[in-house]
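Let me begin by presenting the structure, written as structure tokens, before commenting on it.
The values are calculated or read from the model by the stated rules, or taken from the named source; none is laboratory data. Keep in mind that this is a model prediction, so the values were computed, not measured. Counting neighbours? That spans all protein chains shown, and the Cβs are built from the backbone with ideal geometry, glycine included. These accessible areas exclude ligands, DNA and RNA; they are computed on the full protein's heavy atoms, side chains included. Shrake-Rupley method; radii C 1.70, N 1.55, O 1.52, S 1.80 Å.
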There are 2 protein chains.
Amino acid sequence: MSEQKIPYKIYLEESEMPTAWYNLRADMVNKPAPLLNGETLQPMTEDELSEVFCRELARQEMDDTTAYFPIPEKIRDFYKMYRPAPLVRAYCLEEKLQTPAKIYYKYEGGNTSGSHKLNSAIAQAYYAKEQGLTGVTTETGAGQWGTALSMACAYLGLDCKVYMVKVSYEQKPFRREVMRTYGASVTPSPSMDTAVGRKILAEHPGTGGSLGCAISEAVEVATNTPGYRYVLGSVLNQVMLHQSIIGLETKAALDKYNVKPDIIIGCAGGGSNLGGLIAPFMGEKLRGEADYQIIAVEPASCPSITRGVYAYDYCDTGAVCPLAKMYTLGSGFIPAATHAGGLRYHGMCPTLSQLYDDGLMEARSVQQTEVFEAAEYFARVEGILPAPESSHAIKVAIDEARKCIETGEEKTIVFGLTGTGYFDMFAYERFHDGKMTDYIPTEEELAAGRAKLPKVE
Amino acid sequence: MSEQKIPYKIYLEESEMPTAWYNLRADMVNKPAPLLNGETLQPMTEDELSEVFCRELARQEMDDTTAYFPIPEKIRDFYKMYRPAPLVRAYCLEEKLQTPAKIYYKYEGGNTSGSHKLNSAIAQAYYAKEQGLTGVTTETGAGQWGTALSMACAYLGLDCKVYMVKVSYEQKPFRREVMRTYGASVTPSPSMDTAVGRKILAEHPGTGGSLGCAISEAVEVATNTPGYRYVLGSVLNQVMLHQSIIGLETKAALDKYNVKPDIIIGCAGGGSNLGGLIAPFMGEKLRGEADYQIIAVEPASCPSITRGVYAYDYCDTGAVCPLAKMYTLGSGFIPAATHAGGLRYHGMCPTLSQLYDDGLMEARSVQQTEVFEAAEYFARVEGILPAPESSHAIKVAIDEARKCIETGEEKTIVFGLTGTGYFDMFAYERFHDGKMTDYIPTEEELAAGRAKLPKVE
């Protein structure tokens, strides 16, 4: 089909929407390492995992052989309310850059949660409901995940308790209000609700909290409340599975116009967006059917892939969660207070970590001021105000498109635009006022993080 | 086509998007009354109007006979970046209400400006650019219009000066930052930039400003700055023309599935959304080809249609703009500080005022707490977090759907969901905390507003 026929936005018909999630692990020769029980250091059993997560989600977490999981009809109905997400041809960006590259982005920010997080939130809430549970708990930092989960729970009539990092709770009162609009209870963490919260408050009065602490509180409440389970918005393999809807839709949209990407770019914190976006493409790569250059983009301030080590580590600072083998900076590593809250995580999803270790994808780190420059440039040209997290991918997409100007190559670049920046205007303000700074952890800081890794043979 | 075939969201193909705006006035027997020069009380000439507005926009403002205005290609390209807006079948809302009614909404909040305002912003900015102008000025209250204009100007490389009501400027710093992201200069009004601003500040030190004052400042700067003109986001007939894209897309989407609405509902402040949404339907009604129940919904706190008078009045509090014949509460009427900033305008678009006076549409007023109840209900069921303004239409759509439960009628209801509430969370917070109050102006307050109407024979 000729180049001219490609519209600005490719929407799949409802009938073209994926009906099954794709489990990338099924095609991996080197499977991601299993989660370990933090006490016994033995692989977690499904029964053990089911004490924290819903049973079906525990099953999905452990299944590395089933390639496709049918999406339950109720979830597909929910998806139809805000999906398919458009695959946008960035004609205006191409023209502005005067690049021969063809740029596409999968825009996941069009729903009220403002990000792709909703894709997994509805799945996790659905399985909780199906199991007859009455509620779920979770933590949230920047607030996208907490918002998404609140929406999913409102839809299904499930209680939702969100532990929000206290400093975010105070700095982002409007995020909190969106969650309240969806009926969630939002508690600043650390709180007096939990033993771990009380302990931390006693030790560190006035602390602003951390994601690690919020996770610990959410897990404690879930395991102590009958009919509750804990859910998590990234890092887990089950999340990658649900998020494969992003990549499946992207591939279906490209296939409609016989377009093959050369480069696929995604921002990477815990890996939920990147893992979802690349899933079917990486599958082709693993099966030897196609080759793609796949680039994970992470903040230089929290460089888990580019400067971390591949090792077993705790998923949370409080060490109450199982151990995962991943690229990590150490669960004790405290990233600088940058504005891409969704990327401030010390580790990377086990699936993606294994793929990276196998040389199947590359990784780059970028500084936040150059990320905001790219964000503002993009907003003015393409109209959409991107989240700081998403803007990491924009930055590298623009870099690659500029390389094409030099080489004359007409590469096709696809990147994930995971969300919108409506609740990040404080960060934009700092950028506009010239008050934004960059952070690069020193070798000593990284060494300190590594030193606290658990000893696992 | 069978009921089952209608998807959750109807997207037009790019090739199905309207290529011309529809000018409702061409089909009106009773034309809207002309704008009058405030000093001479004679109809404004195109030359006079062109001193304030771009020439092409002055021409569009006065043309009540040309039915279709081709949309310039550059504007159509811009539209392709964020349009077509989906027409959503509210299956979840229908199911939750257990109503036999079929509910659709045209969702205009998917773009970064967060509302339908962008449809006219790009048109007005385009004609300014075509005329060789270098910049435009405007006022903004809630901020949706200022954001939309900033985006349009950034796209076209046009300077944009926004006078933002001071109290909004201070209460909504993030709105301001979005505009800055798009390169606009945003000044709290009243300011020391203008004679009118300095005069008001001298008389009322510490005032929080008003839309009327901001308009006066923007007009003064536009007329005193070479290469500048003033632009306005609602009320004007030209704005209704550009916004007809909403209704044209809605009708095209419904026609694809052979759906005929029974009731069409829109919120109404200055009338930009309502006028656009109903345009082609009202056209059919005027031509005797079809009949529809059309309902304008306004806040009880600012009831220009339901409790105003049809008379010539100033468009701005400062009385620097031409006089328009409209349903009005008087330009001196100060509506209570409710949270639907976009509906706090004393008058109604001349075109809609004439249609209402001719009995071709009806109007209802609603209280803000019941509006927020509807907003939250809708958000939880349909996922989208609506703007307070849009929620006026939601409230009445739900009312009508509930009536169908009683009568058993399977009416088809279409309403305009004009925008999102991301920057209105302070209002939601007040609602959640039970601190929201309702306001109904007394007869005395209305009489005081009427008493200051200009004397025009």
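Selection of region B:264-291 for residues being surrounded by fewer than 24 Cβ atoms within 10 Å (Cβ to Cβ) and on the phi > 0 side of the Ramachandran plot yields only B:Gly288. For region B:1-40, the candidate set comprises residues that are at pLDDT below 95 and within 30 Å of B:Val320 (Cα to Cα); within that set, the residue that is farthest from the other protein chains (Cβ to nearest Cβ) is B:Thr40.
The strands (runs of 3 or more DSSP E) located wholly in region A:87-201 that include 2 or more residues which are away from chain B (no Cβ under 14 Å) occupy A:102-107, A:135-140, A:159-165, A:185-189.
Within region A:311-337, residues that are farther than 17 Å from A:Glu445 by Cα and of a type in the set (Phe, Trp, Tyr) reach partners that are surrounded by 21 or more Cβ atoms within 10 Å (Cβ to Cβ) and at pLDDT below 80 with beta carbons closer than 9 Å, at six or more positions or on different chains, in the pairs A:Tyr314/A:Gly212. Within region A:128-167, restricting attention to residues that are touching a Pro at 6+ places or on another chain (Cβ under 9 Å) and buried (at least 24 other Cβ atoms within 10 Å of the Cβ), the residue that is farthest from A:Tyr228 (Cα to Cα) is A:Ala142.
Mind checking which residues of region A:286-299 are under 17 Å from the mean Cα position of the chain (by Cα) and in a loop (DSSP other than H, G, I, E, B)?
Going residue by residue through region A:286-299, those that are under 17 Å from the mean Cα position of the chain (by Cα) are A:294-299.
Answer for region A:286-299, where residues must be under 17 Å from the mean Cα position of the chain (by Cα) and in a loop (DSSP other than H, G, I, E, B): there is none.
With respect to the stated conditions, B:Gly408 fails to be assigned by TED's automatic domain parsing to the domain that holds B:Ile384, of a type in the set (Gly, Ala, Ser), surrounded by 15 or more Cβ atoms within 10 Å (Cβ to Cβ) and more than 12 Å from B:Phe372 (Cα to Cα). Check region A:352-372 and report whether any residue there is assigned to a helix (DSSP H, G or I), within 13 Å of chain B (Cβ to nearest Cβ) and under 27 Å from A:Gly233 (Cα atoms). Yes, region A:352-372 has at least one match.
In this structure, is A:Arg344 farther than 24 Å from A:Lys411 by Cβ and at pLDDT below 95?
Details: farther than 24 Å from A:Lys411 by Cβ: yes; at pLDDT below 95: yes.
Taking the combined requirement at face value, the residue satisfies it.
Restricting the first member to region B:428-449 and to residues that are closer than 20 Å to B:Glu370 by Cβ and within 13 Å of chain A (Cβ to nearest Cβ), and the second to residues that are open to solvent by 80 Å² or more (accessible area, probe 1.4 Å) and assigned to a loop (DSSP other than H, G, I, E, B), the beta-carbon pairs closer than 9 Å and six or more apart or on different chains are B:Glu429/B:Lys435. Residue count for region A:300-318, restricted to those that are open to solvent by 10 Å² or more (accessible area, probe 1.4 Å) and part of a helix (DSSP H, G or I): 2.
Looking at A:Thr420, A:Thr412, which one is within 12 Å of another protein chain (Cβ to nearest Cβ) and modelled with pLDDT of 95 or more?
On the way: A:Thr412 fails: within 12 Å of another protein chain (Cβ to nearest Cβ).
Sole residue among the options that is within 12 Å of another protein chain (Cβ to nearest Cβ) and modelled with pLDDT of 95 or more: A:Thr420.
Filter region B:168-190 down to the residues that are at pLDDT 95 or above and in contact with a Leu (Cβ under 8 Å, 6 or more places away or on another chain), then identify the one that is surrounded by the most Cβ atoms within 10 Å (Cβ to Cβ). Looking at residues that are at pLDDT 95 or above and in contact with a Leu (Cβ under 8 Å, 6 or more places away or on another chain), I get B:Val178. Condition test on B:Glu443, is it over 22 Å from the mean Cα position of the chain (by Cα), at pLDDT 95 or above, surrounded by fewer than 17 Cβ atoms within 10 Å (Cβ to Cβ) and closer than 30 Å to B:Lys325 by Cα? Spelling it out, B:Glu443 is indeed over 22 Å from the mean Cα position of the chain (by Cα), at pLDDT 95 or above, surrounded by fewer than 17 Cβ atoms within 10 Å (Cβ to Cβ) and closer than 30 Å to B:Lys325 by Cα.
Give B:Glu95, B:Glu108, B:Glu51, B:Glu46 a once-over and let me know the one that is under 30 Å from A:Ser115 (Cα atoms) and open to solvent by 50 Å² or more (accessible area, probe 1.4 Å). Explain how you work it out, then say what you get.
Values: B:Glu108 fails: open to solvent by 50 Å² or more (accessible area, probe 1.4 Å); B:Glu51 fails: under 30 Å from A:Ser115 (Cα atoms); B:Glu46 fails: under 30 Å from A:Ser115 (Cα atoms).
Of the residues listed, the single one that is under 30 Å from A:Ser115 (Cα atoms) and open to solvent by 50 Å² or more (accessible area, probe 1.4 Å) is B:Glu95.
Would you call A:Phe431 open to solvent by less than 70 Å² (accessible area, probe 1.4 Å) and either within 30 Å of B:Leu385 (Cβ to Cβ) or out of contact with any Gly (no Cβ under 7 Å at 6 or more places or on another chain) (or both)?
Numbers: open to solvent by less than 70 Å² (accessible area, probe 1.4 Å): yes; either within 30 Å of B:Leu385 (Cβ to Cβ) or out of contact with any Gly (no Cβ under 7 Å at 6 or more places or on another chain) (or both): yes.
Here the answer is yes, as A:Phe431 does meet what is asked.
Scanning region B:379-407 for residues that are more than 14 Å from chain A (Cβ to nearest Cβ) and more than 13 Å from B:Gln367 (Cα to Cα) yields B:Ala397, B:Ile398, B:Asp399, B:Glu400, B:Ala401, B:Arg402, B:Lys403, B:Cys404, B:Ile405, B:Glu406, B:Thr407.
Can you name every residue in region B:250-263 that is open to solvent by less than 10 Å² (accessible area, probe 1.4 Å) and touching a helix residue (DSSP H, G or I) at 6+ places or on another chain (Cβ under 9 Å)? Hits for region B:250-263 are B:Thr250, B:Ala253, B:Pro261, B:Ile263. With respect to (1) among the aliphatic types (A, V, I, L, M); (2) open to solvent by less than 10 Å² (accessible area, probe 1.4 Å); (3) not in a strand (DSSP E or B), the lone exception for A:Ile413 is condition (3). Take the conditions (1) over 25 Å from A:Pro173 (Cβ atoms); (2) open to solvent by 20 Å² or more (accessible area, probe 1.4 Å); (3) part of a helix (DSSP H, G or I); B:Glu376 misses just one of them, which is (1).
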